[in-house]
Amino acid sequence: MVTQLSKQIHSELQAIGTAERKEKIAGYLKTSSLDFIGVELPKIHRIVKTSIKGLEIEEIPDLMAELWKIETFETRLAAIDVLKEYAKNGSVDKALEIADNWIDDADTWAITDPLSSPTIGSLILRDLKVEVVLKSWRTSDNFWRRRCSFLPYLHLCLKKQYKPEYADKILKVVTHHISDKEFFVGKAAGWVLRELSKREPDLVREYIENHRHKMTKLVIREGSKKI
């Protein structure tokens, strides 16, 4: 059933893809080796939401796997959309294992970012052992994995679920990457600081002043934008 459903989702995406959108995405995501269909995100979300209605929770991982096998950008985003839903109520261990494996295939922020927040971010809120796994990713040679080691905490910065007690935790994980000279890591570190500053401007301002000597210019610039 899930194999047929994955083919159906892929077919629906192909039916609404446009050459103009495909060219635009391909030009924008220069780091991705995937093929593109040319479908906007809201349409991907809508197709996935409709398609998975009525699926049993235990069927969802197989659907994700089938979608991920199709090496197009949009079907992989569809797979992540399914994982987002699974991460809310499915097995934490299984969801994290899937995300872990997918990071090895990722070669663009447009895959790692929705995989991190809200997907892995929602797992942090469910089980503290997720943070132990993220900690093990911090020093990876794969800079996309380093990005994913802390970007899930962006989810905790958002107004909907932010709690003041999250602040120290968020700053602690970001601190490991504020000196990273890899652009995509530094950009994400600044992004998390910027989002946290919307909740805790004085705290982030003080943090940047105290750690400025360690931070790359990119992290300082990105992290300071809202304060």
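Starting from residues that are charged (D, E, K, R) and within 22 Å of Arg147 (Cβ to Cβ), keep the ones in the range 198-210 and report whichever is most open to solvent (accessible area, probe 1.4 Å). By that ranking, first place goes to Lys198.
From the list His177, His213, which residue is part of a loop (DSSP other than H, G, I, E, B) and crowded, with 23+ Cβ neighbours inside 10 Å? Just one listed residue meets the conditions, His177.
If you take just the helices (runs of 4 or more DSSP H) that sit entirely in the range 1-107, which of them hold at least 2 residues that are under 28 Å from Gln161 (Cβ atoms) and open to solvent by 20 Å² or more (accessible area, probe 1.4 Å)? It would help to see each step written out before you state the result.
Details: elements: 2-16, 19-28, 41-51, 60-69, 73-89, 92-105.
In the range 1-107, the matching helices (runs of 4 or more DSSP H) lie at 41-51, 73-89, 92-105.
State yes or no: is Thr112 surrounded by 21 or more Cβ atoms within 10 Å (Cβ to Cβ) and either touching a Phe, Trp or Tyr at 6+ places or on another chain (Cβ under 9 Å) or aromatic (Phe, Trp, Tyr) (or both)? Spell out how you get there, then give the answer.
Values: surrounded by 21 or more Cβ atoms within 10 Å (Cβ to Cβ): yes; either touching a Phe, Trp or Tyr at 6+ places or on another chain (Cβ under 9 Å) or aromatic (Phe, Trp, Tyr) (or both): yes.
The answer is yes for Thr112.
One residue stands out in the range 155-172 among those that are assigned to a helix (DSSP H, G or I) and open to solvent by 10 Å² or more (accessible area, probe 1.4 Å): the one that is nearest to Lys129 (Cα to Cα), namely Lys169.
The values are calculated or read from the model by the stated rules, or taken from the named source; none is laboratory data. Not measured: the values here are computed from a predicted model. Cβ atoms come from the backbone with ideal geometry, glycine included; neighbour counts cover every protein chain shown. For the accessible areas, the whole protein counts, side chains as well, though only heavy atoms, and no ligand, DNA or RNA atoms are used. Shrake-Rupley method; radii C 1.70, N 1.55, O 1.52, S 1.80 Å.
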